[in-house]
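The values are calculated or read from the model by the stated rules, or taken from the named source; none is laboratory data. A quick note: this is a predicted structure, and the numbers were derived from the prediction, not measured. Here the Cβ positions follow ideal geometry from the backbone for every residue, glycine too, while neighbour counts run over all protein chains shown. With ligands, DNA and RNA removed, areas are computed over all heavy atoms of the protein, side chains included. Shrake-Rupley method; radii C 1.70, N 1.55, O 1.52, S 1.80 Å.
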Amino acid sequence: MKRVNVPFTGARSCLAPLVVNRMSGSNHRGRLRLGSLSFPCALGRAGIVSRKREGDGGTPLGHHQILFGYRRSDRTWTQGGPLPLSPTRPADGWCDAPAHPAYNRPVRLPFPARCERMIRADRLYDCCIVLDYNYSSRARYRGSAIFFHLAERGYPPTEGCIALAPRDMARLLPYLKRGRTLIVQR
């Protein structure tokens, strides 16, 4: 994939994409940039991959639009900008079973197939942004639940998502809106 050089247009510009690059010396650590803003981030344990498969631990290379988000209303997360953040409910889940018709879709728990709980004890999904990776045009086994969410302390690898420190996500939320592009490049 061709490297994208983003001219400075200011973080508020609706034209500026978010750009994620791998940090040298680490497959699972990266840097996310939006205009003059720059934040460390966690990537998938397999690094950035061009041929994403379910369960491979890779962060998919490419252009991914921001669709919508979730927030834990029982924690400190509030609406932070123009992107609608729906309150997460205890019955919210996300199907990651490739053979199920609801693959890579939000579901209600209990659910008959394998799925993730959107309310987690580790707080990673306290603020969780859904990216349009294998969502609008879905293909089985191409990967599911590729989110932009909160990172654990020390930025350990994710299962393929992009993760920011909570303070950095709070700083970035005012600039996020539906349709803004997040570009993952090597």
Report task. Check region 55-67 and report whether any residue there is closer than 30 Å to residue 25 by Cα and acidic (Asp, Glu). Result -> yes
Checked against (1) part of a strand (DSSP E or B); (2) open to solvent by less than 10 Å² (accessible area, probe 1.4 Å); (3) not basic (Lys, Arg), residue 83 satisfies every condition except (1)
Matching residues in region 38-68 (in contact with a Phe, Trp or Tyr (Cβ under 8 Å, 6 or more places away or on another chain) and either over 18 Å from residue 183 (Cβ atoms) or not in a loop (DSSP other than H, G, I, E, B) (or both)) number 10
Requiring at least 2 residues that are open to solvent by less than 50 Å² (accessible area, probe 1.4 Å), the strands (runs of 3 or more DSSP E) wholly within region 103-157 are 115-117, 127-131, 147-150
Screening 91, 42 for residues that are open to solvent by less than 20 Å² (accessible area, probe 1.4 Å), over 16 Å from residue 185 (Cβ atoms), touching a residue at least 12 places away in the same chain (Cβ under 8 Å) and among the small types (Gly, Ala, Ser) leaves only 42
Just to be sure before I move on: is residue 102 within 26 Å of residue 17 (Cα to Cα), in contact with a strand residue (DSSP E or B) (Cβ under 9 Å, 6 or more places away or on another chain) and not charged (D, E, K, R) in the structure I sent? no
Screening 167, 153, 171 for residues that are at negative phi and in contact (Cβ under 8 Å) with a residue 60 or more places away in the chain leaves only 171
Here the residues within region 149-185 that are hydrophobic (A, V, I, L, M, F, W, C) and under 16 Å from residue 133 (Cα atoms) are 161, 162, 163, 182, 183, 184
In region 53-80, anything of a type in the set (S, T, N, Q), open to solvent by 60 Å² or more (accessible area, probe 1.4 Å) and under 22 Å from residue 122 (Cα atoms) is listed as 73, 76, 78, 79
